[in-house]
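Trainee: One structure coming up, written as structure tokens, with questions to follow.
The values are calculated or read from the model by the stated rules, or taken from the named source; none is laboratory data. Note that the structure is predicted; figures quoted are calculated from it, not measured. Methodologically, a virtual Cβ is constructed for each residue, glycine included, from the backbone with ideal geometry; neighbour enumeration extends over all protein chains shown.
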Amino acid sequence: MPQNKKQSDDKIARFESALKAAGLKLTYQRLEIFRELANAADHPTVEILHQRLKNRIPTLSLDTIYRTLATLEQHGLITRVQTAESQAHFELTIPHHHHLICEKCGRITDFDWPAFDNAPLPEKVSSWGKVFHRKAILHGRCLVCQSVLT
């Protein structure tokens, strides 16, 4: 079995287990939306997911996608990526990573930052309470957009 297919199958199996643990049904729509996110190289919006899925599921509405994504996000199975634009982008929650967002073209790039993840927290943060997650979102301009004359 090719590695990508095996990784995809592993993600789907974990998804099915997580749904059961959350007391949610595994519906065809949930599975296909999750599968599309699992295979996405980008961070699609609701509208992009709808475009990609409408041939497989002609009756799939934008409302169903919005509700499904909200449910999956509520249970920690997917993450909403905040950008400067008004549309939310989505991705799988694992593996842990951070984001670079180009403020010109809107492209989102994942990156690892172990030094940030493992750095001691400032005293003010430590005395505030307990931090459960660290997520860095860096905004700037990608090399492609920097090279284009504006």
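Trainee: Specify the residue that is surrounded by the fewest Cβ atoms within 10 Å (Cβ to Cβ); the eligible residues are those in the stretch 73-90 that are of a type in the set (S, T, N, Q) and not in a loop (DSSP other than H, G, I, E, B).
Mentor: Here the residue is Gln74.
Trainee: Can you tell me how many residues in the stretch 15-48 are closer than 30 Å to Thr109 by Cβ and either in contact with an Asp or Glu (Cβ under 6 Å, 6 or more places away or on another chain) or not assigned by TED's automatic domain parsing to the domain that holds Glu73 (or both)?
Mentor: The total comes to 1.
Trainee: Would you call His50 of a type outside the set (A, V, I, L, M) and without any contact (Cβ under 8 Å) to a residue 60 or more places away in the chain?
Mentor: Taking the combined requirement at face value, the residue satisfies it.
Trainee: For a quick check of your reading of the model, give me the residue pairs whose first member lies in the stretch 116-127 and is exposed (fewer than 11 other Cβ atoms within 10 Å of the Cβ), whose second is in a helix (DSSP H, G or I), with beta-carbon atoms closer than 9 Å and at least 6 apart or on different chains.
Mentor: These pairs meet every condition: Pro120/Ser126.
Trainee: Considering only residues of the stretch 50-63 that are within 18 Å of the chain's Cα centre (by Cα) and surrounded by 13 or more Cβ atoms within 10 Å (Cβ to Cβ), which is farthest from Gly23 (Cα to Cα)?
Mentor: That would be Arg52.
Trainee: Condition first: within 25 Å of His98 (Cβ to Cβ) and basic (Lys, Arg). Now tell me which residues in the stretch 22-51 satisfy that.
Mentor: Arg35
Trainee: May I pose another question? Select from the stretch 67-78 the residues that are under 16 Å from Thr27 (Cα atoms) and in contact with a helix residue (DSSP H, G or I) (Cβ under 6 Å, 6 or more places away or on another chain) and write down the one among them that is modelled with the highest pLDDT.
Mentor: Out of the qualifying residues, it is Thr68.
Trainee: Quick check on Leu100: is it closer than 13 Å to Ile33 by Cβ, among the hydrophobic types (A, V, I, L, M, F, W, C) and touching a residue at least 12 places away in the same chain (Cβ under 8 Å)?
Mentor: When the stated conditions are applied, Leu100 does not pass them.
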